[in-house]
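Contents: one structure, followed by commentary.
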Amino acid sequence: MFKSLLFGFVFVLAGIAHAQAPAASIPDTQIAKIVMTIDEGEIEAGKVAKKHAQNQEVKAFATMMVDRHETNKKELKHFAKKNKIKPESSDLAKSLKEEAKIAEKDLKRQEKSEFDRAYIKNQIAMHEKALSTLRDSLIPSAQNTEFKAHLEKVATHVAEHLEQAKAIETKLQ
């Protein structure tokens, strides 16, 4: 079951990198929706982990994920409204949303004894791919200078989350 959860996110996020190659320019409106969709997926996965995780450090990480991604989503919505960037769906955003739903269902089906490791491994995979997507596609495509700066801040946070998840994974083994 964990393999299907991990595979689903790796497949989708790998598709992001492939579909959004550096040569392709993504409009700010679509970038905004993609980032919001990633935030929403993290919020939902974090809520599941807050309920089902056994390890206190995993629960704390999940709580942080929910808090940080809710904050990022609010900041992004505020920024978009202020700068008249209307988030616009794309095939990528739709695909991310669907895959997040599938991954959430898979996460809920994890055995109690495997849940913490499955959630953290999934977080590592998601954050690695999100970071490369931000750096390789979304940030270079952003047209608005302030938006680009916001995305760079997001990438810094994603990198921090990745390191935290890796540190937790080491302790869980």
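The values are calculated or read from the model by the stated rules, or taken from the named source; none is laboratory data. Remember, it's a predicted structure, so these values are computed and weren't measured experimentally. Neighbour counts run over all protein chains shown; Cβ positions are idealised from the backbone, glycine included.
Within region 1-49, count every residue that is crowded, with 20+ Cβ neighbours inside 10 Å, of a type in the set (D, E, K, R) and at pLDDT 95 or above. Residues that pass the stated criteria total 2. Within region 58-79, the only residue that satisfies the criterion of being exposed (fewer than 15 other Cβ atoms within 10 Å of the Cβ), farther than 19 Å from Ile31 by Cβ and either of a type in the set (Asp, Glu) or in contact with a Lys or Arg (Cβ under 7 Å, 6 or more places away or on another chain) (or both) is Asp67. Residues that are in a helix (DSSP H, G or I), in contact (Cβ under 8 Å) with a residue 24 or more places away in the chain and surrounded by 18 or more Cβ atoms within 10 Å (Cβ to Cβ) within region 129-154 comprise Lys129, Ala130, Leu131, Thr133, Leu134, Ser137, Leu138, Ser141, Phe147, His150, Leu151, Val154, listed in sequence order. Filtering region 123-156 to residues that are in contact with a Lys or Arg (Cβ under 7 Å, 6 or more places away or on another chain) and at pLDDT below 95 leaves only Ile124. Do the conditions hold for Met126, that is, is it surrounded by 14 or more Cβ atoms within 10 Å (Cβ to Cβ) and in contact with a Phe, Trp or Tyr (Cβ under 7 Å, 6 or more places away or on another chain)? Yes; evaluated as a whole, the condition is true for this residue.
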